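Novice: Quick one: structure below, then a few questions.
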Amino acid sequence: MLEFPHLGGLGSSVTHLWLIAGIALILPSIVDRTNNRHRAALFAVSFLLALRYAWWRLTETLAPVGLSVDFIASGTLFALEMLALIGSLSAFVIMSRIRLRSDEATDHAGWWRDAEPKVAILIATYNEDRDILERTIVGARSLRHQNKDIIVLDDSRRDWLRDFCAELGVRYMRRPDNKGAKAGNINHALARLAEEPVPPDFVAVLDADFVPHRGFISRTLALFHNPEVGLVQTPQHFFNPDPIQHNLGITRSYPDEQRFFFDHMQPCRDGWGITICCGTSSIARWKAVQAVGGFPTESVTEDFLMSLTLQANGWKTVYLNEPLSEGLAPEGLKEYITQRARWCLGLMQIARSSMGPFRRNGLRLRDRWSVIDSVFYWLPSFAFRLAAVAFPLLYWFGNVIVVDAPLTDVIRYFATYYVWTLAVMNLLSPGMVVPVLHDVSQLISSIPITRAAVTGLTRPKGHPFSVTAKGGDRNRVVVQWRMMAPFAALLVLTVLGLTLGIFADGFAYSDAGDGKWVILFWTLYNLLVLGLAVLSCIELPRAEVHVADRPERVTFRADGDGDEWTLWITSLTMDTVRLRGAVFPAETRGTIEIEGVPGRVKAYVIRPTADGARVQLLPDAAQRDAFFVRFYAEGSAPGVANVRASALLGDLAERLSVRSR
C-alpha cells in the first residue's frame, strides 16, 4: 500500500481511504456487471484487502497471550470475526461469476414443437385459509400452458378444501398421516401419479401462498431443452413487505431481505453450477425425480437437499432469474424468525446427512463447497453480529480492550477494506447492502438462528417441521416483548456505558489511548443498530393493499338515472376502489367497468372523499377470478428491487417522528 509520510499518520490513512473511494466512484463507468472477468477482478481486490485486514487483526490488535479477561475477550471476538470473514471470502468467490438464462429461455421456447409436455402442478398446503389457497389455485388455472394437472395436496385432511377444489375444477389429494412433513406430502402425490396410465413429464411445486404468473410454466420448461437439466428454480417475490420493512416503515424504499439472495446470489451460484432448489416456484423433470426416489426427508429443508441429491445422481439444477411467481412473506416477526431458524436448522441437518460435504456421496468438490459456504453463512455470521453489539460493553464497564488499535490503523486496514467491498457489492448488486439496516436484519434473528445452528450440528435428528403461519389478523399494534428484551437491554447498557464514560471520571479509562475513538465510533454505530432493532419489534397494523401501478380510467354508471362518469382509479384492491373525478353521496349504487375484468362490477359508495369516493366492489365469481389474475398472475415483480437512498431516509425519519407514533 502506498505511504504518504509527509501527511502524518492520520492524514496518510485518510488518503488511503480517499484513494479507494475515488477508484470506487469511477468503477460504474468501466465495469460490466455481467462480465465475469470484471467481477473476478473486483472481488480479487476485496479478497486481498480482507486477508490484509485479517493479518493486521491477528498480529497487531489482540491482547497479550495469557489467562486474562482481555485475551479471552479479544480472542473470542477475533475468532468469531475470522469465521464470519471466511464466509465473506467464500461469498466473494461465488459472486465472481454470474449466469443469466433469460436469452436461453427465449431461444429455446417451445423446444418440444409437437404436443405440449404434461405438467403436474403440486400445491402443498397444511393450514392455510381459503382466501390464500383460492388465489394460488386461480393463478395456476390461468397459466398459459394448457397441458397441466393442478393438484392440491392437503396435509390437514379438510373436507371443506376437498369440496372447494371440486368447485374450482382441480384435483385434491390427502394422505392418512403427516410423515415426512412437506417432503412426505409431495412424495405421497408422486407415488399416486406414478400409478396413473400417463404420468406427467414435469412436476412443478408451489407453496399454498405462491401464485404463479401466467408464463411460469412456458418460461421454465424452455430450459429443459438440455436433457441434463433435472430442475429449474425461479426467484421468490412477495406482494407484501416483510416484518422489518413494515415495522420500520420502509416498504417503499428498501427491498425485502430475500432480494439479495434471489436476484443476485442465485444467478452467481448458477454461474458455478451450484444453484439451490428453494422448493416453491420450481419445476423438475419427472424422470429425474423418479431416479432419485422423490424428495429427500433427512432435512426440514428438503429443497436444498433435493438439489444436492439430483447433482449426486448426474442431474443439473439451473436458475431462471425472472419474476414468475409471487407469494406471501411472513407478516409477523415471530413467524419471520421461525422460518429463518428452520432454514438454518435444515442446512445444518444437510451438513450432517448423507449429502454432507465430508461424506462419500458422489458430490463434486464445488457442491461440497456450496454446503460449507452455507454453514459459514448461518453459524458464525449471526453469532458475530450479536457479539459485535455486546463486546464494546466490556470496555465501558470493565476496561477490557477487545480491539487494541489506534484510529489510524483502523482507517488504513479496516475502513479501506470495508469501503471497497461496500462499493463493489453495491455496484454488482445495486442498493442491496445498506449499512445499519443489513446489520439490523441479522441481529433480529441472531439468537434463535445461532441456537438452531448449534442444535442442528450437534443433534441433527428428531426436529419437527415448523410451518410458517401466513395471513391472519394484523390490524393492531403488537409489541414482541420477548424478542425485544435482549436488544432493549443491550441498548440501555450501551447508553449507560457511554454516558458513564463521558461524564464519570471513574469510567473515563485513558489506557485505551487512541483506540478510544474506535470504541466510541463502534458504540455510536451500535446505538443505531440496537435502536432500529428495538423499533422492529413493534409490529404495526397492516392490510393487504394493491395500488394500481399507473393511473387508470374507468367508467362508473349510477343505478336509476343511468348517468355515467369517466373517472380515475387512485387505488384498487380485491374489495375496494378509490375513484377521483366526481363526488358521490354515501350508499350511491352502480356498476364499474374495469380493464381486464369481464362485465360491469356491481358497487356502492362507502363514503365520499374530497375529490371522489371510496367504493365497495361486489364482484361475481368470474370477476373475482379476473381480479386474482390481474393482481397476482400478471405484470412484473412486486415490491422494491433496490434501495432509493433519499426515500429511505425520508421513510425512516417519518417512522421515528411523533406523528408516525
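The values are calculated or read from the model by the stated rules, or taken from the named source; none is laboratory data. All values reported here derive from a predicted model rather than from experimental measurement. No Cβ is skipped: glycine too gets one built from the backbone with ideal geometry, and neighbour counts run over all protein chains shown. Accessible surface areas use protein heavy atoms only, side chains included; no ligands, DNA or RNA. Shrake-Rupley method; radii C 1.70, N 1.55, O 1.52, S 1.80 Å.
Novice: Provide the convex hull volume over Cα atoms per residue for segment 5-159, in Å³.
Specialist: Hull volume over Cα atoms, normalised by residue count, gives 269 Å³.
Novice: Starting at 0 and stepping by 5 Å, how many percent of the alpha carbon pairs of segment 383-424 end up in each bin?
Specialist: Going out from 0 Å in 5 Å bins, segment 383-424 shows 5, 19, 16, 22, 24, 9, 3, 1 percent.
Novice: With the dipole of the chain worked out from charges on the C-beta (+1 for Lys and Arg, -1 for Asp and Glu) around the Cα centre, which of Leu153, Ala41, Leu437 lies farthest toward the positive end?
Specialist: Checking the options against the dipole of the chain, the answer is Leu153.
Novice: On to the next question. Could you give the nm distance between label points at Thr499 and Val454, where each point is 7 Å from its Cα heading toward the beta carbon?
Specialist: Using points 7 Å along Cα→Cβ, the separation is 3.2 nm.
Novice: If you split all Cα-Cα distances of the chain into 10 Å bins from zero, what percentages do you get per bin, shortest first?
Specialist: 3, 13, 22, 25, 18, 11, 6, 2, 0, 0
Novice: Please identify the trypsin sites (Lys or Arg not before Pro) of segment 9-65 that satisfy two criteria: DSSP loop assignment and at most 15 other Cβ atoms within 10 Å. Which are they?
Specialist: Listed in order of number, the matching sites are Arg33.
Novice: Once the piece of chain linking Glu564 and Glu196 is laid out straight, how much longer is it, given 0.36 nm per residue of separation minus the C-alpha distance between them?
Specialist: Full extension of this stretch gives 127.0 nm more.
Novice: Can you sort Phe164, Phe391 by 1.4 Å-probe accessible area, starting with the largest?
Specialist: Largest accessible area first, the list is Phe391, Phe164.
Novice: If you wrap a convex hull around the alpha carbons of segment 75-140, what volume per residue comes out, as a whole number of Å³?
Specialist: Value for segment 75-140: 199 Å³ per residue.
Novice: PRE reach from Leu427 (point 7 Å along Cα→Cβ): which of segment 34-56 fall under 20 Å by backbone N?
Specialist: 34-53
Novice: Mind checking segment 154-192 for trypsin sites (Lys or Arg not before Pro) that DSSP puts in a loop (not H, G, I, E or B) and that have at most 14 other Cβ atoms within 10 Å?
Specialist: Within segment 154-192, the qualifying trypsin sites (Lys or Arg not before Pro) (loop, at most 14 other Cβ atoms within 10 Å) are Arg157, Lys179.
Novice: Can you give the alpha-carbon Rg of segment 202-341 over 2.2 N^0.38 Å, where N counts its residues?
Specialist: Normalised Cα radius of gyration, segment 202-341: 1.07.
Novice: Further question on the same structure: Can you give the longest run of the chain that contains no GluC sites (Glu not before Pro) sitting in a DSSP loop with at most 15 other Cβ atoms inside 10 Å?
Specialist: Here the longest run is 229-543.
Novice: Please compute, for the alpha-carbon atoms of segment 315-464, the extent along each of the three principal axes and give them in descending order in Å.
Specialist: 53, 38, 37
Novice: What share of Cα pairs, in percent, lie more than 20 angstrom apart in segment 226-291?
Specialist: 42
Novice: Under a plain spin-label model, where a point goes 7 Å from the Cα along Cα-to-Cβ, how far apart in nm are Asn226 and Ala79?
Specialist: So the two model labels end up 4.2 nm from each other.
Novice: Counting only Cα atoms, I'd like the Rg/Rh figure for segment 253-307, Kirkwood definition for Rh.
Specialist: Answer for segment 253-307: 1.05.
Novice: Counting just the Cα atoms, what span does segment 276-354 cover along each of its three principal axes? Round to the nearest Å and put the largest first.
Specialist: Per principal axis, max minus min of the Cα coordinates gives 39, 33, 17 Å.
Novice: Taking a probe of 1.4 angstrom, what is the accessible area of Trp112 in Å², to the nearest 10?
Specialist: 50
Novice: Report Cys278's accessible area, 1.4 Å probe, all protein chains in place, as a number in Å² to the nearest 10.
Specialist: Cys278 has an accessible surface of roughly 20 Å² with all protein chains in place.
Novice: Looking at the P(r) of segment 347-421, how many percent of alpha-carbon pairs lie beyond 20 Å?
Specialist: It works out to 58 percent of all Cα pairs.
Novice: What number results when the radius of gyration of segment 144-252, computed over Cα atoms, is divided by 2.2 N^0.38 Å?
Specialist: It is 1.30.
Novice: Tell me, what is the per residue accessible area of segment 146-277 in Å², probe radius 1.4 Å?
Specialist: 32
Novice: If you add up the charges near Ser156, with Lys and Arg at +1 and Asp and Glu at -1, over every other residue whose beta carbon is less than 13 angstrom from its beta carbon, what do you get?
Specialist: Value of the local net charge: +1.
Novice: With θ taken as phi - 60° and the coefficients 6.51, -1.76 and 1.60, list the Karplus ³J(HN,Hα) couplings across segment 390-405 in order, rounded to whole Hz; mark glycine and proline as x.
Specialist: 9, 5, x, 5, 5, 6, 5, 9, x, 6, 8, 9, 8, 10, 8, 8
Novice: Now, a different point. How much accessible area does Lys334 have with a 1.4 Å probe, in Å² rounded to the nearest 10?
Specialist: For Lys334, the solvent-accessible surface is approximately 110 Å².
Novice: So how much slack lies between Glu116 and Leu618, counting 0.36 nm per residue of separation and subtracting their Cα-Cα distance, in nm?
Specialist: 177.0 nm is the gain from fully extending Glu116 to Leu618.
Novice: Also: Cα centroids of segment 348-426 and segment 165-193: how far apart, whole angstrom?
Specialist: 41
Novice: Roll a 1.4 angstrom probe over the protein heavy atoms and tell me the percent of accessible area of the chain that is carbon or sulfur.
Specialist: Heavy-atom surface of the chain belonging to carbon and sulfur, 1.4 Å probe: 59 percent.
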